[in-house]
1. Just the residues that are modelled with pLDDT of 90 or more and among the β-branched types (Val, Ile, Thr), please, taken from the range 7-57.
2. Quick one: residue 35 ticks every box in (1) more than 22 Å from residue 87 (Cα to Cα); (2) surrounded by 12 or more Cβ atoms within 10 Å (Cβ to Cβ); (3) under 14 Å from the mean Cα position of the chain (by Cα) bar one, so which box is it?
3. Would you say residue 14 is within 20 Å of residue 89 (Cβ to Cβ), open to solvent by less than 50 Å² (accessible area, probe 1.4 Å) and acidic (Asp, Glu)?
4. Would you confirm whether any residue within the range 95-105 is among the charged types (D, E, K, R) and either surrounded by 13 or more Cβ atoms within 10 Å (Cβ to Cβ) or in contact with a Pro (Cβ under 8 Å, 6 or more places away or on another chain) (or both)?
Amino acid sequence: MAAKSMKVMQAEVDQYIGQFKEGYFSPLAMLARMTEEVGELSREINHYYGEKPKKTTEAERTVEEEMGDILFVLICFANSLNIDLEEAHNRVMQKFNTRDKDRWTKIDEQGEN
């Protein structure tokens, strides 16, 4: 499958949502949905990397699937508020590359810490 830009993903989700009369949920409902999806990711992380194994009766879900659900909801949320996620990403990277440029220990050119 070919790589997609965030603009393409936002357009794809908008086209999908646009076929339904209900359209996007309200911001509050979208936040609740995002919280629900993050909770599902937390549960999967706990099953795979934590101390709580999955019950034999629980359906097999993957961390990748849960992250995909979060991405879908995030794109819906951004679209509903007319937020360009590529622009939002560019702004946050500028912030991290300036404000936080010396915050963490960098790996030197030889690959040592």
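1. Scanning the range 7-57 gives 8, 13, 17, 35, 38, 45.
2. Residue 35 satisfies all of (1) more than 22 Å from residue 87 (Cα to Cα); (2) surrounded by 12 or more Cβ atoms within 10 Å (Cβ to Cβ); (3) under 14 Å from the mean Cα position of the chain (by Cα) except (2).
3. When the stated conditions are applied, residue 14 does not pass them.
4. Checked the range 95-105: no residue is among the charged types (D, E, K, R) and either surrounded by 13 or more Cβ atoms within 10 Å (Cβ to Cβ) or in contact with a Pro (Cβ under 8 Å, 6 or more places away or on another chain) (or both).
The values are calculated or read from the model by the stated rules, or taken from the named source; none is laboratory data. Computed from a predicted model, the values in this text were never measured in an experiment. Neighbour counts run over all protein chains shown; Cβ positions are idealised from the backbone, glycine included. Note: areas computed on protein heavy atoms with side chains; ligands, DNA, RNA excluded. Shrake-Rupley method; radii C 1.70, N 1.55, O 1.52, S 1.80 Å.
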